[in-house]
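Written below as structure tokens is the structure these notes are about.
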Amino acid sequence: MNKQENFKQRLIKYMELKGMSRYEDLIVEELKNSLGNKNFEISRDNLGSVIFHKPSKKANAPKVMIAAHMDEVGFIVRNIDKKGQLLLSAVGGIWPATVIGTKATLKTADGREFIGLFGHTSIHIMKSEEMSKAPTIMDLYADFGFKSEEDVLANGVGVGDLVYMSGETIHFADPNLIGGKAMDNRAGVTVLEYIAKNIENLDLDVDLYLVGTVQEEVGTRGAKTSVSLVDPDVAIALDTCASHDTPNTIPGNTSLFKGAALRIFDRGTMMDPKLVNYFQNVAKQNNIPAYKFVAMGGGTDAHELQFSHGGAATLTISLPQRYLHSPIGVCAISDLLAAGDLLTEFIKSFNENDWKEMQYK
Ligand SMILES: [Zn+2]
């Protein structure tokens, strides 16, 4: 299997796992199975983030943390309707218009699953004034075929159970493209695994922490707790970002097929210009496509990573994706590999002197 195909298969594996915020254990298990504990010291913090530590043999090696969030957005049952429909609250930011009419998967507290769909009013029986309005989260419900509230309860389903989007994996004619559920951020998780495999047998000049964080989608909570444990000098968030190459988006320069996107600015983080410069040089030296962009919306784990004790030099490497926070997201494998190769080369080259030069005098 070539590199692109192998990466794609791993990404599909991660996308098809269910891991809403707070419920990321299946992704942790897969990462642990894949990476093992031969080359990494593995630990978890009390919110569930998983830390793969590869110590350096050098005494003053800078601490580098690379974090990819493992959680996905979805819904939680907030109320049960008399006729057996489940009313929902969103876990993370979702525009309800993207999910109505699509397949839903209910996961109960004891792990059982039911298949249904996100319900809506048929156009034939809709009040005319509703037709031009976008549905809100208060309008949204999921239909699993239950007949009544009693029927729901008799099936062991209750308030607080999880309702997942269940977008299927899409194989386009172009083998470089892939679509699937939870692309945000299983794309980043797969890149994290790819980096780990690339460097697992090397002696590094950095003290490396590869971290799968939890609860990013509800407010970068896992980054906050894991960075306080790792306490890095240099911290990098690895996450998907909105791609502007589809109709009707506001203008922006991120796009599929252009390589790794270096996020310079968003509402939560202003990236370290010396670190950005370092990454641009690594990209140039290794012929890896990479470019800078300013995010128009959304934040990343970098928002918390920068607050390492005394502050960390921080950057977000973004993975452009179409259709964020919807049942099916689309990425180009070549962009994900560009980000993975860029981070691999960074880890291989960065050392104590580079860090000294980067520090404020
Ligand atoms: Zn994300």
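The values are calculated or read from the model by the stated rules, or taken from the named source; none is laboratory data. Everything numeric in this text was worked out from a predicted model, so none of it was measured. Counting neighbours? That spans all protein chains shown, and the Cβs are built from the backbone with ideal geometry, glycine included. In case anyone asks, the SASA skips ligands and DNA or RNA and just uses the protein heavy atoms, side chains included. Shrake-Rupley method; radii C 1.70, N 1.55, O 1.52, S 1.80 Å.
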*Can you tell me which residue within segment 58-80, out of those that are under 18 Å from residue 344 (Cα atoms) and open to solvent by 10 Å² or more (accessible area, probe 1.4 Å), is farthest from the chain's Cα centre (by Cα)?*
61
*Report yes if some residue within segment 211-230 is away from the ligand (no atom under 16 Å from the Cβ), within 20 Å of the chain's Cα centre (by Cα) and among the small types (Gly, Ala, Ser); otherwise report no.*
no
*What number of residues in segment 16-30 are within 23 Å of residue 170 (Cα to Cα), in a helix (DSSP H, G or I) and not acidic (Asp, Glu)?*
2
*Being crowded, with 16+ Cβ neighbours inside 10 Å and of a type in the set (A, V, I, L, M) is the filter; apply it to segment 26-41 and report the residue that is nearest to residue 229 (Cα to Cα).*
28
*Do the conditions hold for residue 97, that is, is it open to solvent by 90 Å² or more (accessible area, probe 1.4 Å) and of a type in the set (A, V, I, L, M)?*
no
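What residue, of 257, 279, is of a type in the set (Phe, Trp, Tyr), touching a strand residue (DSSP E or B) at 6+ places or on another chain (Cβ under 9 Å), buried (at least 20 other Cβ atoms within 10 Å of the Cβ) and in contact (Cβ under 8 Å) with a residue 40 or more places away in the chain?
Answer to the check: 279.
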_Here are the criteria: (1) away from the ligand (no atom under 16 Å from the Cβ); (2) in a loop (DSSP other than H, G, I, E, B); (3) among the charged types (D, E, K, R). Tell me which single one residue 267 does not satisfy._
(1)
*Has segment 322-330 got at least one residue that is within 16 Å of the ligand (Cβ to nearest atom), of a type in the set (D, E, K, R) and buried (at least 24 other Cβ atoms within 10 Å of the Cβ)?*
no
